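Below: one structure, written as structure tokens.
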Amino acid sequence: MRTLFMSSLAVVLLLVIGAATPAGAAVRITELMADPASDWDHDGAYDYKLDEWIEVTNTGTAPVNLQDYWFRDESASEPRFQLTGVLDPGETAVFYGSDAVAWQAANGISTAGFSLNNGGDTLYLMHGPAGGDLEIIQSITYPDHTADDDRSYGTVPGGSEWMLYDGLFPYTGTLDPPGSGCNPTPGEPNYCHGLVPDEDVSFGTLKATFM
């Protein structure tokens, strides 16, 4: 009986460990585009739904299998996409609306894509096993003016605060975050005109630089 109990306990512990976030892992959304105006997924045609994209980065110290990570927006009660692949420390991956549509079709879900609202929305990154309870580990609320033709919203180069990447469609208004003139960088570390700080930069410093 003791042997059977210990074996059962070992199975339970393995299941718990397998479902937990890996030690040293820190997957984070680092950039998103809610209103594409170009063929960002490179399928040969522009589509407002298929060309939306969301970028994630492993900011931790250990490789991460993304299969237990999910996206949903404020209007959804269930995930709109299950991430795939393995991210090494410091590595970045980008997922397109076309990926979300393919996943939704394969799972018998209405093919809404990411459904990122062009008037502003909140995007959630969640973690947990398929069919189990999902924990929100990050939420990003982006304002209206960051979701306009080919503008992206992402973390500052080398930092953790967020800024507007409007190099393809300049923003000249007065709302925060202001226009920066930086181009979107899906699937790559965020940068601006080759200037990448080697330490965290405050949003105030960045604003002073580009205003």
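The equivalent ellipsoid that matches the C-alpha gyration tensor of the stretch 23-210 spans semi-axes of 26, 20, 14 angstrom, in descending order.
Where the alpha-carbon atoms of the stretch 111-189 are placed on the principal axes, they occupy 45, 29, 21 Å, in descending order.
The convex hull around the C-alpha trace of the stretch 101-156, projected and averaged over every direction, spans 5.2 square nanometres. The magnitude of the dipole of the stretch 23-210, with charges of +1 and -1 set on the Cβ of Lys/Arg and Asp/Glu and taken from the Cα centre, is near 200 debye.
With r defined as the distance between the Cβ atoms of L175 and A37 and R0 fixed at 25 Å, what FRET efficiency is calculated, to the nearest 0.05? It comes out at approximately 0.80. Taking +1 at the Cβ of each Lys and Arg and -1 at the Cβ of each Asp and Glu, which of P129, L83, A34 sits farthest along the dipole of the stretch 23-210 towards its positive end, judged by Cα position relative to the Cα centre? Projecting each Cα onto the dipole axis, the largest value belongs to P129.
Full extension of the chain between S75 and I137 gives 20.6 nm of extra length, using 0.36 nm per residue less the Cα-Cα distance.
Simple spin-label estimate for S160 and I109 gives 2.9 nm between the two label positions (7 Å along the Cα-to-Cβ direction from each Cα).
Values quoted throughout were computed directly from the atomic coordinates according to the rules given, and no laboratory measurement underlies them. The structure presented is a predicted model; accordingly, all values stated were derived computationally and were not measured. Cβ: placed from backbone, ideal geometry, glycine included. Neighbour counts: every protein chain shown.
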